[in-house]
Structures are given as C-alpha cells and as structure tokens.
1. What is the magnitude of the charge dipole of the range 772-926 about its Cα centre, with +1 placed on the Cβ of each Lys and Arg, -1 on the Cβ of each Asp and Glu, and no other charges, expressed in debye to the nearest 20?
2. Placing +1 on the Cβ of each Lys and Arg and -1 on the Cβ of each Asp and Glu in the range 697-758, which of Val746, Ala703, Ile757 has its Cα farthest towards the positive end of the resulting dipole?
3. How compact and how long is the range 689-763, expressed as Rg and Dmax of its alpha-carbon atoms in Å?
4. Would you please give the residues with an amide H less than 5 Å from that of Leu358, counting only those at least 5 places away or on a separate chain, with H modeled from the backbone geometry?
5. Work out the charge dipole of the range 837-926 with +1 on the Cβ of Lys and Arg and -1 on the Cβ of Asp and Glu about the Cα centre, then indicate which of Ala855, Ala868, Gly900 is farthest towards its positive end.
6. What's the extension gain from Cys724 to Gln98 if we count 0.36 nm per residue and subtract their Cα-Cα distance?
7. Would you mind checking Lys766/Lys831; Lys744/Lys801; Lys801/Lys858; Lys327/Lys384; Lys327/Lys398 for any pair whose Cα atoms are more than 19 angstrom apart?
8. Sort 840-846, 690-696, 790-796, 144-150 by the packing proxy (mean of other Cβ within 10 Å over each peptide's residues), most packed first.
Amino acid sequence: MDEIKNKFLDLIHKQQNKNLKIPAMGFSDYFIQNVQASSVQTVPSSEKAKREESSARLSDQEILESTEDIYFTENANTAIHELEKFSERCDLEVVAQQIVVLKQQHKVISKKVLQLILDNRSSCNEEFTRIEETEKMLCEAIWVCRKGRSYLNFAKKNLTTTSLEILATYKKREILMELLKTLKTIKRIKNTDTQLQELVSGGNYSGAISTLLECRKAAERYSQYKCVESLSQKLQDTLLMTEVQLDTVLNEMTQQFDTKKYSKLQEAYKLLGKTLMAMDQLHINFISTIHTAAFTVVRGSIPDASSEDQKMKQLFETMCEAVTGDKYIGCLINLCRSFWGVLSCYYQVSLWHQNFNLDAEADEYIQEKLKNGQVRIWNDIQAKICVYLQSSRLHQLKFEQFIQVLCIIQRLKKVGVEFCGDGSAKLMDSMKMQSMEFFKRYHSACLEEISLFLDNEAWVAVNSFSSVTQLQEFKSMKKALQRHASGEGEPVVKPPTPRMTQSQPLTLASNTDNDSSVHSQDGASSIYAFCGYFLRFSEKSSPFDGGFDESMLQEDILAGIADETSCYFSEESDDDNLPGSCEVDSPNSLTVTNTSLTVLRCIGRYLQMCRLLHSIAPHIVASMTELIDFFIYVVHEFFAKDLPVASGNLYTQHLMDNLQRISQNIIPKVKNWPPSKMMIGSDLQDGDEMFGLAKRIVGVESACCLVEQFEQLQGYMLHLLPGCDRKSLEEYFVNAAYVGDLRKPVYMCSTARLADIQGVLVAMGKVKWDINHVTVQHSPYIDSINRAIQTFAMRLDELSKQMSVPKGHVWDNMAHVLTHTLVEGFSNAKKCSTGGRALMQLDFTHFISLLELIAGLKFTVHQGYVDAYVKAYYLPKDLLEEWIREQKESTEYSEKQLVGLVMCTCNNDKKTRQKLLGIIGTGDVS
C-alpha cells in the first residue's frame, strides 16, 4: 500500500508544483484538514463556493443513490478503484473534488447506517426475548427428561420374573395370531380362482380385478412359502385370462352397448392401469366389427354362399359382384343397418365419456381419440359402401329401384354428417359416377319411350288435367311447388341441432346443408321431427328400418345435396293453411295428350333424381329440356311439313334457330327416327276433318301446355340448382317462347286449304282493275270468300263443342292466308287504274268487316298489311321508291308482289319503272 501511495505522490509532483506538499492517503481527520487546506490554497474561492452550493443542493437520498456499488461490496479494494480513476488525468483540483464527494457519501452512509440500527433495535430486543423463552423451554425439557429417566429406573428396579413371563406369553400369542392370519390369506389366495369366475360371470369386473390385485399383493408378501409361489403363478395366469374376458366383453360394446356393463369395464381397466390401452383396443374392435359386418351381410345375400370358393369369400369386391339384382337393395339396406348399429354404439361410448370423467390426462386423450376415430370409422364405412355401389348391378336397376338406392345413400350421408360432420365426398362422388351412367341410359330410354308413344299417338286431348301435381310423380313435391307458386321461396327454418365440439365428441352435428328432413315413419306431428337420427334411433332401431317403397319415394330428402346457398323445404310440415296451398295451375282443364303426359311424368321422375343427386342436377335439368324440345320438334314434323303455301313469312327467326338446334343436338340421340304418322296421316289430308285441324290444335297446344307446365316448375328447379348453373335454365325459359311461334305454320296447313286460295286467285284474275269510275258494288270473288269464312266459322264452332279451340290463333291464321291471298291477287293485275284501286279498297273493306264480325276479333296487323299495299299506288315517285326499299329489307311482300305494284304504278314511266325494278332486283319485264 505504501508503494502505491508513493507512486501516486510522484505522479502528482510531476504534474504540479513540486514544492506543493501532499498529505498521506487515508480518511483521518488530519488528512481531511490538510486536503481542505490545500484546496483552499489551490482552488479559487469562486469554484469552492460553486462546489459547496452544488453539494448543498443534493439531498441525502441522491447522494446515497450516486454512491458506487463497489463501496457496498464485501472485501472490495476501494483504494485501487479510486486510484484507477486518476490514471488519465490527475491534478490537485480533481483529487480535492473527489475527496469532497467521498466525504459527503461517507457521511450520508454513516448516517443511514445509524438510522437503520436505531430502527432495528426494537426487533433486536424482541429477538433477545425469544431467545430467553427458548432457553426457559429447554430447561423445562431437561427437567422432564430427568424425571422420565428416574421413573424408568424405578420400573427397572421393581420388574419381576412373573412380569417377563407374561410378556413372553403375549408375544407367542401374537405370533400365533399372525400365523393364523397368514394361513387364512393363503387359503383365500387358493380359492381366488373360483371367486373370480363368479364375479366375472356376474359382471362385477372391477370387483374381480380388485380381488385379483389384492391376492397378488398378498402373494408377494408371503412369497417365502413354496405353496404361495405356485399360487402366485396361477394368479398371474388368472389375471391374463380375466383381461382376455374383459377384451371380449369390450368387443361386445361395438355391437350392443350397455351403459352399466361399460361402466364396470372402465372401472376394471382403471384398476389395471390400462384405460388408454382399452380405448385403443376399442377403436380396433370398431374397425374390425365394420369389416366383419360388411362381409357377413354381403355373404348372406349371395345364393349358395357355402359353395363359393375360398378366394371369393376373402374378396369383398367379388362378393359384391355376386349379389343378384333382386337382392341388391335388400343387401344395401342390411349393410346400412349393420353400420348404423356400429355408429350408434360409438355414439353411446362417446356420450358415456362425455358424462363420466376418469382423470384429467386420460379424459383428454380419450376425447382426442374419439374425435379422430369418428372420421376413420366413417371412412371405412364409406369405403365398403362405395365398393358395393361400384358393382355392375347398380346401373342395371329399374328407375324405382334406383331412386330407392338414392334415398338410402342420401340418408346414409345425413347419418355421416350427424356422426362426424363429414359430407361423404367419396361416397357422393361414387354415387355421382354411377348415377351419371344410369341417367344416360335412362334418358336414352325415355327418348325412345316418347318416340314410341308418338308413333301410336292419336292426338286426342286428355280430359280433366289441370296441374302437374295431379301426377303421381309430383306428389312428393306438391307442397314445395305450391310454395313457389305462391311466392314463398324462403327456406323453412328448423331448430338448430347441437354441433359436435372437442368437449362434446359425438353430440349431433348441425348439418350446414340443412340435412334435417324428417323420416316418413315419424309423422309430421312427431316430437322427434326436429331431432337428429342419433336421438331418434338406437342400435336396435335404425333410420333404415322400412319405408323404402312407396312412402320412401314420397319423402323429401332434398337436403344435403345442395350447398349452403340452396333452400330446403320440408315436405312433411303442415302446409294446409298456407296461402299458397292452392293448385299450381288454374282448375280449368288444359290441353294435353298421352305423350305430353308421358313427358311430364318423365320430368317428375327426373325431378326426384335432382332432389337426391344435386351433383348432376344441371345435367338432369338439361335432359328435361331435351324431352320437351323433342316433343315440340316432332309436333312440327307431324303437322307443319305439308304447307300448301310458301313458308317464308310464317316462321320467325327464333323458331327456325331452335328447330335447327334441336335437329343437330337432340334428334341424333333418338334411335327410332323419324316417328311414324300412321295414326294421323289420313286425317291430315281429309277435307271433312278440316285437314286435321283438330289434331293439329291438340298437337300444338299440348306442346305449349307442356312448356307452360314446365315453367310452373321453374322456381323449384332453380333452388335445386347451384347458383352457377341457374343461368342456363333461366335462358331456356326465356327462349321457350318459340313454341308459340309454331301455331302459325301448323294451323296454316289447314286454313290455307280451307280457304280455297287457287279459286280466289282465279276469280280475282277475272276482275278488271283498269276501270275509270268507282262502283258501290264489291267484286264477286268477295262473296265466295265470305261464304268460305261463314262455312269455316260454323265448322269451327262445331269443333269447339268437342274440344278446346284457340279461336284467336286459328282466326288469325285464316285472316293471314286470306289477306295474303288478296295481296297476291292484287299483284297479279296487269293494269290498274285509280278506280281499280278504289275497287280493291272497297272489296277489302267489305271482306275485313265481315271477317271481324264473324270472328269477333280485330285483325289490325293483317288489315294494315293490305292497306299499305293498296295505298302504295297513290304514293309519289320519291316516296314510292323509299317504300319499296323498306319493304325489300323487311321481306313482308314478295318480290313478285312488289314487281306487280311497280308495273301498275309506272306503266307509262319507263325510267322510273326500270329504277324501281332495279331496286327490287329484277330487270324490265315489259
């Protein structure tokens, strides 16, 4: 230390005046006084005042907090620490400042320590008091010990030989009693096997395990005896056999669940410490039961199964192929029933673990195991059903049988949704593939069936038909159609069912697809109508018990097929009081034929498939439109191919485009084409039958009625289709108006013959149109036309008594053919004067007034057609040219008629005539 001090002094003397004296290091009063004196000599008074003022401003707490941590560290070398601060700069002023700081810190710390000592003095006094009390207690304990020792010494001195003999005898007695206890224990161990069998047979599994474990513990305690050693080995074997019996009973829980028995099983496994292993084994048993049930059911549906070779018995796929068609549906129902029993038992197991807790760790593992096991078990069931559905028998079924299969699979899908929330995509994809194949065959068969009906159709209206809901095929959809007809297109809201969660492993899941349609055997008023299958049925009863015939086909099982945007209407709810509970159509009888009714029945069956197979619903709906289009096309082929007049102005572009589309896209699918006209060929050429007008009316109006009835299903079909596929159906309904355009060419085939066009044209050819004066008498040909109109009206009235006649359309066709005949006759005139044109107007006025009077209708369009042609004679040349250009573009008048007009009006003006004929597209014909 002295050496350090000397070095420090030398360093100071080198930097400062060497005559300046530095006091020795330390914190004595001498050192402080010298340092203060030196500070007075070297530091200016102003700086000293500043330091004192700064020190005065600091509080004791601030000074204490500014003290470095090293001064509070035990065995710290503070001197070296202070010297290291002056390694770079060391002068007297800095040293003085540091001394002042250290002094202040020392003073504050000393004051603080003294204060703490004073504060803790009372605690110290209390501690001394406790020490004194402890010392007093020790003295008392020493006195008690000394007293006890004196008593023991007294007992030792007064103990006699008799007392020792009593003690010895008592000891022997205790030894003998222990020996007797040991012998009883050994005897009980020996009889344990019989007792265990009684407990196990009585279902007291936990009691058997407790007894067995107790005996094992006793055997270990008396293992020094040879007899006990052999009994211990026997107990081990008995324990193993008991565990095997427990596993057997556990396996029974997968087929018939018993709450009491399962509770005892869990208690037994808990005693064995194998609760988790038991849960793993239970899941394996469920999987095994599914496979065993599938093989058993399918094998039972195979005729002469015992004679099948061993390889077939081992291949489930081969066994499914061997199921005959008459047993196909029955086998599928039995499969679903068996799988339902397994799922119901699994549900009961999950419900038990939800209500009874074992321990926190085991419960968490079991809940997770049950949750994961749901999907695996359902996937195994799906796989078995898919293999069965993919057998070659499915697409060979009849329609009613196939619908039953769809109903069964749809119900099975809803079971899966409730069981684990799975939409059964694999099952639905398999069913979609099979359904598409079946539907292609079925649609082709329907086209052939309709073609066969058309070959034998008499085209006679069927009476008393007012709505598609009269047909059996639409019976299950009646209330849904009524809702849509009344504008109530909102889905029926059903009470939500609890959703499965991790804490509730198998409570009923609410189906996002609203899969809560009610089973038909429950009834609409049943309290269980809004409950899921797992609440309404048990392992002994199932959703697949009965109801798969007529009642099954009437059940609305729409749900689940649609996505979340689809609406669902329950068919079993009480809708009799709904505003829309009236018939879809008016009660008036509609014009339908046997063939059009067949088409509607096919559509009804197609709708049933749409409800059950949402995935191919767009294809099914498109096939419905094909049936309607095919019927319309055949009506056109039957009744519009014998037109006696030009068809240019009879067909709208809309009608022509649709007929061409049908011819290209639908007709090639029909094998029996063209259909035979054997039933109606003669009537279409018979004048007494008005050239088949009655049959033509029935044909066209039944086609229109078919489209109208199909339009009644529009709202229902739209809600069956996904949103992305609705546009094509909406476009079809917009496009379906073309069927009304079929009336004109079809009715024209009869009205054109009934009007005797050629006779009228010959009579008009005899009229002189170049007269110079206007007469008040119409031409003779008008009388023949009027007689024909009157005759036609009487025959039409007679026909109206037999059937419903669309008089407006029929008279419109008659007006069309007669007005066009007049224009054609007017255009044949070689020369025509102003008086001739006036005669034309007179003839036409007399004709149209009588026609409107007899028909009771106004024919504004046809009247304007003739008036425009007649009045064109009076147009100036420039306006006539403009009018001809307009008519050339509209093609309302034929080229021959325009030429006849030009030749009459420009008979003396060759230049204008040539110009107008050039516009028409012909040369000068004069």
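The values are calculated or read from the model by the stated rules, or taken from the named source; none is laboratory data. Note that the structure is predicted; figures quoted are calculated from it, not measured. Because the Cβ atoms are built from the backbone with ideal geometry, glycine has one as well, and the counts that use them run over all protein chains shown. What goes into the accessible areas is simple: the full protein's heavy atoms, side chains included, and nothing from ligands, DNA or RNA. Shrake-Rupley method; radii C 1.70, N 1.55, O 1.52, S 1.80 Å.
1. 340
2. Working it through, the farthest residue towards the positive pole turns out to be Ile757.
3. 18.6, 63
4. Asp363
5. Among Ala855, Ala868, Gly900, the one farthest towards the positive end of the dipole of the range 837-926 is Gly900.
6. Extra length from Cys724 to Gln98 when fully extended: 216.5 nm.
7. Table pairs above 19 Å Cα-Cα are Lys744/Lys801; Lys801/Lys858.
8. Descending packing order for the listed peptides: 690-696, 840-846, 790-796, 144-150.
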